[in-house]
C-alpha cells in the first residue's frame with residue numbers, strides 16, 4: 001500500500017499512536033499467569049515468562065482465591081450458567097443479584113443497594129442521574145476518572161475544589177443556589193490518602209448537599225459515622241475488597257429506585273454474571289466474619305510496616321506511593337524491581353500529574369512476611385530508609 005492509498009483514518013491513527021510513543025507513554029498489557037499475587041509474567045511478545053510476586057493488585061484481602069469465594073462462583077455458575085442473558089429490567093435479574101443487593105445494603109447500613117456491571121459504571125450512573133436538571137457538582141481535584149467521566153456524561157456544572165480542602169468546598173457550596181452534590185473518593189487511588197469524612201458530612205449537611213462517597217479502596221476505612229440527616233450515596237466495587245467484579249450504589253430506597261429507572265449504564269447493560277455475583281456474596285460473608293477481621297488486621301500490620309519504611313507513617317490504606325518524579329526514572333525503578341521478581345508498576349502521566357511519576361505499591365493480607373522482606377530489600381536502593389522495615393510485622 002502506498003502513502004496515497006492509505007485512508008484518512010489510517011493516517012490519523014498512526015499519527016496519534018506515534019505521538020503517544022514519542023511521549024514515552026506507550027502501554028500494553030502483559031500476560032500474567034497467576035492465581036493470586038504470585039505467577040508467571042511475560043515482559044513482552046515472545047518472551048519467556050518469569051516468576052514474580054505482584055505488589056500491583058487491588059485484591060486487598062486475597063479473596064479472589066479464597067475457597068468459599070471460588071465455591072460461591074462455581075455454585076452460581078452451575079445453577080444459572082455463564083451469563084445473565086440481558087439487562088436486569090429485561091430478563092437478566094437472577095435471585096443471586098437480589099440476595100447480593102440485600103447483603104450489600106445491610107453491610108453499608110442503608111435502606112437499599114443496586115448492582116452495576118463495574119464500579120466505573122456505578123459512578124457514571126449516580127452522577128448522570130443526580131447531576132441532571134441544574135444540579136451543581138463539587139468534586140475533589142484528585143477524584144477517580146469514573147467520577148470525572150460521570151460529570152462529563154451528565155454535562156453538569158462542575159466546581160473542582162482543592163484536594164481535601166473543606167474550607168474551599170464550604171466557599172464554593174455557599175456560592176451556589178439550588179441543588180448541590182459533593183462527590184469524593186474516601187481513599188484516593190494514586191496517593192492512598194483518605195478524606196475527612198466527618199468534615200465532609202458537616203459541610204454537606206450545612207448546605208443541604210447530596211454527599212456521594214466512592215468507597216472503592218476503603219478496605220481499612222475510613223468508616224462513615226452518623227450522617228445527621230445528610231443524604232448520602234455510597235458507591236462501591238466488588239472487584240477490590242470483595243475479590244470479584246462489579247459495582248454497586250447503596251443509599252435511601254427512593255434514591256436507589258431512581259437509579260434503577262434512570263441510570264443508563266444499569267438499564268442498557270447486561271447484568272453482572274451469576275458467577276461474579278455469587279463470588280461477591282460469598283466474599284461478603286467472609287469479610288463480615290471473624291476471619292474477615294483477622295484479614296484486615298493482618299493487612300493493617302503490613303501497611304504499617306511498609307509505610308514506615310518508605311517514609312509515609314500512619315498511612316490509612318494499602319496503597320503506598322513512592323514518588324520518583326520523572327517518568328523515565330519511575331519506569332527504570334519499576335524495571336529494577338522486576339529484575340528481582342517484584343512487580344511494582346510505574347504510574348505516570350496522564351494518570352498522575354507531570355513530575356509526580358511514582359511506584360504504586362499495593363499490599364494484600366495474603367502477602368507473606370518473606371515477600372515483604374524482598375520488597376523492602378528491593379526498595380532499599382531506591383528509598384534509603386526502606387530496608388529498616390525488616391522484621392517489624394508478624395503473621396496474624
* Look at residue 169 and say whether it is surrounded by 23 or more Cβ atoms within 10 Å (Cβ to Cβ) and either closer than 30 Å to residue 318 by Cβ or out of contact with any helix residue (DSSP H, G or I) (no Cβ under 8 Å at 6 or more places or on another chain) (or both). => yes
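Residue-wise test of (1) surrounded by fewer than 21 Cβ atoms within 10 Å (Cβ to Cβ); (2) touching a helix residue (DSSP H, G or I) at 6+ places or on another chain (Cβ under 7 Å); (3) over 25 Å from residue 149 (Cα atoms).
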| residue | (1), (2), (3) |
| --- | --- |
| 274 | no, yes, yes |
| 293 | yes, no, yes |
| 302 | no, yes, yes |
| 314 | yes, no, yes |
| 324 | no, yes, yes |
| 340 | yes, yes, yes |
| 348 | no, yes, no |
* Residues of the range 65-100 being within 30 Å of residue 342 (Cα to Cα) and in contact with a strand residue (DSSP E or B) (Cβ under 8 Å, 6 or more places away or on another chain), which ones? -> 65
* Quick one: would you say residue 104 is in contact (Cβ under 8 Å) with a residue 24 or more places away in the chain, in a helix (DSSP H, G or I) and crowded, with 23+ Cβ neighbours inside 10 Å? -> yes
* Structure fact -> Of the conditions (1) within 22 Å of the chain's Cα centre (by Cα); (2) crowded, with 20+ Cβ neighbours inside 10 Å, the single one that residue 148 does not satisfy is (2)
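Condition check ((1) surrounded by fewer than 21 Cβ atoms within 10 Å (Cβ to Cβ); (2) touching a helix residue (DSSP H, G or I) at 6+ places or on another chain (Cβ under 6 Å); (3) at pLDDT below 95; (4) not in a loop (DSSP other than H, G, I, E, B)) across all residues:
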position	(1), (2), (3), (4)
330	no, no, yes, yes
337	no, yes, no, yes
352	yes, no, yes, no
364	no, no, no, no
371	yes, no, no, yes
* Run down 234, 254, 206 and say which single residue is within 24 Å of the chain's Cα centre (by Cα) and at pLDDT 95 or above. => 234
* Any idea which of (1) crowded, with 20+ Cβ neighbours inside 10 Å; (2) modelled with pLDDT of 95 or more; (3) touching a helix residue (DSSP H, G or I) at 6+ places or on another chain (Cβ under 9 Å) is the one residue 298 doesn't satisfy? -> (3)
* Asked: Among the helices (runs of 4 or more DSSP H) contained in the range 164-269, which hold 2 or more residues that are more than 20 Å from residue 122 (Cβ to Cβ)?
  -> 166-174, 197-207
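Given the criterion in contact with a helix residue (DSSP H, G or I) (Cβ under 9 Å, 6 or more places away or on another chain), without any contact (Cβ under 8 Å) to a residue 40 or more places away in the chain and crowded, with 16+ Cβ neighbours inside 10 Å, identify the matching residue among 238, 213.
213
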* Subset tally (residues that are at positive phi and modelled with pLDDT of 95 or more) for the range 169-202 -> 1
* To do: For the range 377-396, indicate whether the set of residues that are within 24 Å of the chain's Cα centre (by Cα) and either surrounded by fewer than 15 Cβ atoms within 10 Å (Cβ to Cβ) or at pLDDT 95 or above (or both) is non-empty.
  => no
* Which residues, counting only those in the range 279-291, are surrounded by 15 or more Cβ atoms within 10 Å (Cβ to Cβ) and over 24 Å from residue 126 (Cα atoms)? -> 279, 282, 283, 285, 286, 287
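The values are calculated or read from the model by the stated rules, or taken from the named source; none is laboratory data. The structure presented is a predicted model; accordingly, all values stated were derived computationally and were not measured. Every residue, glycine among them, receives a Cβ derived from its backbone with ideal geometry; neighbour counts consider all protein chains shown.
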